[in-house]
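Q: Sharing a structure with you now.
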Amino acid sequence: MAVSAARGEVPEAFDEVADRYDLMVALNPGYHAHLRHSARDLVAGLPHGQTCRILDLGCGSGASTRALVDELDRAGVCAEVLGVDGSVGMLAQAGRKPWPGWVRFEQGRAEALEQVCYDTGFEAPDAVFAAYLLRNVSDRDGLLRSLHGLIAPGGRVVIQEYSVAGRPVSQAVWTAVCHGVVVPLGWLTSRQTRLYQYLWRSVMDMDSVEAVMQRMVDAGLEDVWTRSVRGWQRGIVHTFHGRRPA
């Protein structure tokens, strides 16, 4: 059996597949559409007539950043976007793509987010977008408290994440797709599988939807709600919304 990456090795595991990662996600039906839907929900709550500061946490090679840029343009909202990721290889891929001048990227881990924002002068963002990040963080409560303390009053947090806990059908579908499709494709596209073995295991070990929402409430966020995506990943991929009290 192929060895899975450990949680602490996730940035390095992404480095190993960075040059082929975009190809891999392009083979995932709905991946980019799901990001756009979550980004649209975030942008819908932003004020017009001012420049909003948005932190894209765990931006990877820029797929979530692209979703934000497209939705901001569509809505006519002015913004500054900072993409932060722990993988140097993934950020290198993001940096090779064309971006408007109001988008920039910085290397840093979620566990040191406050320092990254301080060093870059990107304090008190109006919104945080975190796609497929939360399950990779060992101290999830600490991260959510950090986000609550970091964003401006009234700021929004939108998290997109896998969760199948307590849902036997979703667990079975996820396992079948990972072992039958994702891991083999990972080998074909990059000759690496440990990241995709980790992907399967990390989702199986992830909190339930209800637990994630409770963590957000316990961190001080309000107006917390969630929805699942459409298609075969319904009940597997979810978007979580919260807001810091104004």
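Q: Could you tell me the convex hull volume per residue, in Å³, taken over the Cα atoms of the range 55-113? Kindly include the intermediate steps, with their values, before the conclusion.
A: Working: hull volume 4.0 nm³, N = 59.
For the range 55-113, the hull spanned by Cα atoms encloses 67 Å³ per residue.
Q: Net charge within 13 Å of Gly108 by Cβ-Cβ distance, Lys/Arg positive one each and Asp/Glu negative one each, not counting Gly108 itself? Don't skip to the end; give the middle numbers.
A: Working: positive: Arg104, Arg109; negative: Asp56, Asp85, Glu106, Glu111, Glu114, Asp119.
After counting each charged neighbour, the total is -4.
Q: For the chain, build the charge dipole from Cβ charges (+1 Lys, Arg; -1 Asp, Glu) around the Cα centre, then report which of Pro11, Ala130, Ala39 sits farthest towards its positive end.
A: Of the listed residues, the answer is Ala39.
Q: Right, next: Determine the relative contact order of the range 92-246: mean sequence separation of Cα pairs under 8 Å and six or more apart, normalised by residue count, in whole percent. Present the calculation step by step, with values, prior to reporting the outcome.
A: Numbers: 209 pairs, mean separation 40.9, N = 155.
Relative contact order comes out at 26 percent.
Q: Of all DSSP beta bridges in the chain, what percent run antiparallel (nearest 5)?
A: Antiparallel bridges make up about 40 percent of those DSSP assigns within the chain.
Q: Next question. Rounded to the nearest angstrom and ordered from largest down, what semi-axes does the equivalent ellipsoid of the chain get from its C-alpha gyration tensor (root of 5λ)? Intermediate results must be reported in sequence, preceding the final value.
A: On the way: eigenvalues 145, 85, 58 Å².
In descending order, the three semi-axes are 27, 21, 17 Å.
Q: Please report the carbon-and-sulfur percent of the accessible area for the range 161-228; probe 1.4 Å, protein heavy atoms only, DNA, RNA and ligands left out.
A: 60 percent
Q: About the Cα centre of the range 115-246, how large is the charge dipole given +1 on each Lys and Arg Cβ and -1 on each Asp and Glu Cβ? Please answer in debye to the nearest 20. Intermediate results must be reported in sequence, preceding the final value.
A: Working: 14 positive and 12 negative charges, 113 e Å.
Rounded to the nearest 20 debye, it is 540 debye.
Q: Report, in deg cm²/dmol and to the nearest 500, the calculated mean residue ellipticity at 222 nm for the chain, where each DSSP H run with n ≥ 4 adds -39500 (n - 2.57) and the sum is divided by the residue count.
A: Working: 10 runs with 110 residues, N = 246.
After summing the helix terms and dividing by the residues of the chain, the value is -13500 deg cm²/dmol.
Q: I've got another one for you. Projecting each Cα onto the charge dipole of the range 135-216 (Lys/Arg +1, Asp/Glu -1 at the beta carbon, about the Cα centre), which of Gly186, Val169, Tyr196 comes out farthest on the positive side?
A: Of Gly186, Val169, Tyr196, it is Gly186.
Q: Per residue, how many Å² of accessible area does the chain show with a 1.4 Å probe? Intermediate results must be reported in sequence, preceding the final value.
A: Details: 10620 Å² over 246 residues.
It amounts to 43 Å² per residue over the chain.
Q: Further, regarding this structure: Inverting the mean 1/r over all pairs of different Cα atoms, compute the Kirkwood radius of the range 161-206 and quote it in Å. List each step's numbers first, then the result.
A: On the way: mean 1/r = 0.0931 Å⁻¹.
One over the average 1/r among Cα pairs gives 10.7 Å for the range 161-206.
Q: Measure nothing fancy, just the Cα-based angle from helix 168-177's long axis to the longest principal axis of the chain, in degrees from 0 to 90, nearest 10.
A: Around 70 degrees separate the two axes.
Q: Angle between the Cα long axis of helix 31-44 and the longest principal axis of the chain, 0 to 90 degrees, nearest 10?
A: So the helix axis and the longest Cα principal axis differ by about 20 degrees.
Q: A follow-up question, please. Using unit Cβ charges (K, R positive; D, E negative) and no other charged atoms, how large, in debye to the nearest 20, is the dipole of the range 1-132 about its Cα centre? Can you show the working numbers first?
A: Working: 11 positive and 19 negative charges, 88 e Å.
Using only the charged Cβ atoms, the result is roughly 420 debye.
Q: Between helix 140-150 and the chain, what is the angle of the helix's C-alpha long axis to the longest principal axis, kept within 0 to 90° and rounded to the nearest 10?
A: Computed tilt is about 20 degrees.
Q: With the full set of protein chains in place, find how many percent of the accessible area of the range 1-111 is carbon and sulfur; take the probe as 1.4 Å. Provide the component values of the computation, followed by the final result.
A: Details: 2610 of 5010 Å².
Reported share for carbon and sulfur atoms: 52 percent.
Q: Convex hull volume of the Cα atoms in the range 112-196, per residue, in Å³? Let's see the in-between values first.
A: Values: hull volume 11.5 nm³, N = 85.
Dividing the Cα hull volume of the range 112-196 by its residues yields 135 Å³.
The values are calculated or read from the model by the stated rules, or taken from the named source; none is laboratory data. Worth saying up front: this structure is predicted, and the values here are computed from it rather than measured. Cβ sites come from the backbone with ideal geometry, for glycine too, and all protein chains shown count toward neighbours. Note: accessible area is taken over every heavy atom of the protein model, side chains too, but ligands, DNA and RNA are not part of it. Shrake-Rupley method; radii C 1.70, N 1.55, O 1.52, S 1.80 Å.
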